Amino acid sequence: MRESVKAAVIGAGVAGLVAARELQREGHRVTIFEKLHRLGGSWVYDPRVEDDPLGLDSDREIVHSSVYLSLRTNLPRHIMEFSDYPFRKIWDPRNFPGHEEVVSFLNEFARDFGLVELIRLETEVVRVEAVVDSVWVVESRTSGVSLEEVFEAVVVCNGHHTEPRLANLPGIERWAGKQVHSHNYRIPEPFRDQIDQVYEDGTVSFQDGISVCSDVIFHSTGYKYHFPFLRTNGIVSVEDNRVGPLYKHVFPPQLSPQLSFIGIPYRAILFHMMELQSKWVAQVLSGKVHLPSKAEMLADVQQHYQRMEECGIPKHHTHRLHPNEFEYLDWLAAQVGVLPVEERLREIYWQVYQTTS
Ligand code: FAD
């Protein structure tokens, strides 16, 4: 008999929405916590930028989305769909639409699968902690009011494009110009007409010997994984952007299957990947699919780390799938008994990859 669990999903972005759909399909009881006032996560454009343009002050008011006003997708829309749910209304004539269309797509998806009713908006999860085996406390805050609830499973879908990751540039503390992380870029106007001026004290030198004078350094150096609400007594940690240990980037062996993460890897057809990961989590929780033993999962994670080391891949690339993105998606598809991603979509992905990288 299939088991139905009471599951908390943290976040109503792509990952949270598709996770909720798959959990519900598998008969689980789902609550989605979303700290913002609407669904869509990173795709919801927010004109605000943070007070601290580098995101160093941990007390700053955090703006979730890093999307800038003119942003268009970097993949064509038909590889940013779910396997059974295409973009139905084309709002934007371009194949690589603007962020608004992705938000509309996600809203329609949520409406069509009855997910809207499951979302608690403006409700931030501030603590997730295992109290005893299979029992998790989720503490959330809505308008300053705290609530503690118990769940049998927690699916973490909080995204990882919000906390700036900065390069360590020797001499940066003496550099007189302005610095901004790409998280806090929205529109070009504040920077117009600056770069054609040269200041003596604003020199930036690059490794290849080129020097430029600049008013602003844009740190487009990526983001950090960040789970400020998670209390696991060190079982799950983030070190140099490695979230670990995670079996196949989803399940921490010691806490599985009750705790899982959707959307951690990057460099793939992400919507498909999150859908497949979600099906896997939902089916493992219902007992339809079984995980290996904890020891086997840990050994698999160690093997992954070892292979990376042998190939000279730095630790902070632990969750980068390229060039094995389809190997991973195929593996997930086989776990949950669905067809692998279509050849046609793979070809499009590689074409886009080659022209953009
Ligand atoms: P998010 O979209 O970040 O959603 C996470 C949600 O969790 C948010 O709504 C957030 O408010 C909520 N949340 C966080 N913490 C809490 C908490 N404690 N309590 C309650 N709620 C919480 N991907 C593509 O496929 N194609 C692209 O073209 C593309 N372009 C991108 C461009 C930029 C600039 C960026 C930053 C990313 C881009 N991506 C792209 C990747 C994009 O992040 C994914 O497509 C997708 O949005 C990730 O979804 P997610 O649900 O994992 O995270």
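The values are calculated or read from the model by the stated rules, or taken from the named source; none is laboratory data. Keep in mind it's a predicted model, so treat the numbers as computed, not measured. As a convention, Cβ positions derive from the backbone with ideal geometry for all residues, glycine included, and neighbour counts pool all protein chains shown.
Need the failing condition index for Ala282 against (1) of a type outside the set (S, T, N, Q); (2) out of contact with any Ser or Thr (no Cβ under 8 Å at 6 or more places or on another chain); (3) closer than 19 Å to Glu81 by Cβ; (4) buried (at least 23 other Cβ atoms within 10 Å of the Cβ), just the number.
Tallying (1) of a type outside the set (S, T, N, Q); (2) out of contact with any Ser or Thr (no Cβ under 8 Å at 6 or more places or on another chain); (3) closer than 19 Å to Glu81 by Cβ; (4) buried (at least 23 other Cβ atoms within 10 Å of the Cβ), Ala282 fails exactly one: (3).
Which residues, counting only those in region 116-125, are within 13 Å of the ligand (Cβ to nearest atom) and of a type in the set (Asp, Glu)?
Of everything in region 116-125, those that are within 13 Å of the ligand (Cβ to nearest atom) and of a type in the set (Asp, Glu) turn out to be Glu122, Glu124.
Give me the strands (runs of 3 or more DSSP E) completely within region 171-223, filtered to those with at least 2 residues that are modelled with pLDDT under 85, ordered by residue number.
203-205, 211-213
Restricting attention to region 80-96, and to residues there that are more than 30 Å from Gly337 (Cα to Cα) and within 15 Å of the ligand (Cβ to nearest atom), which single residue is modelled with the lowest pLDDT?
Looking at residues that are more than 30 Å from Gly337 (Cα to Cα) and within 15 Å of the ligand (Cβ to nearest atom), I get Asp92.
If we keep just the residues of region 229-240 that are out of contact with any strand residue (DSSP E or B) (no Cβ under 6 Å at 6 or more places or on another chain) and touching a residue at least 40 places away in the same chain (Cβ under 8 Å), which is nearest to His317 (Cα to Cα)?
The selected residue is Asp240.
Mind checking which residues of region 1-12 are more than 8 Å from the ligand (Cβ to nearest atom) and either farther than 20 Å from Val138 by Cα or not in a strand (DSSP E or B) (or both)?
Met1, Arg2, Glu3, Ser4, Val5
Can you spot a residue in region 100-115 that is of a type in the set (Gly, Ala, Ser), surrounded by fewer than 16 Cβ atoms within 10 Å (Cβ to Cβ), over 20 Å from the mean Cα position of the chain (by Cα) and within 13 Å of the ligand (Cβ to nearest atom)?
Among the residues of region 100-115, not one is of a type in the set (Gly, Ala, Ser), surrounded by fewer than 16 Cβ atoms within 10 Å (Cβ to Cβ), over 20 Å from the mean Cα position of the chain (by Cα) and within 13 Å of the ligand (Cβ to nearest atom), which makes the answer no.
Which residues, counting only those in region 13-54, are touching a Cys at 6+ places or on another chain (Cβ under 7 Å) and either more than 7 Å from the ligand (Cβ to nearest atom) or over 25 Å from Arg165 (Cα atoms) (or both)?
Across region 13-54, the qualifying residue is only Ala19.
Of the conditions (1) of a type outside the set (Val, Ile, Thr); (2) surrounded by 21 or more Cβ atoms within 10 Å (Cβ to Cβ); (3) closer than 11 Å to Val156 by Cβ, Pro265 satisfies every one except a single condition; which number is it?
(3)
Against the definition (surrounded by 16 or more Cβ atoms within 10 Å (Cβ to Cβ), among the basic types (Lys, Arg) and in a loop (DSSP other than H, G, I, E, B)), how does Lys89 come out, yes or no?
Against the criterion (surrounded by 16 or more Cβ atoms within 10 Å (Cβ to Cβ), among the basic types (Lys, Arg) and in a loop (DSSP other than H, G, I, E, B)), Lys89 does not qualify.
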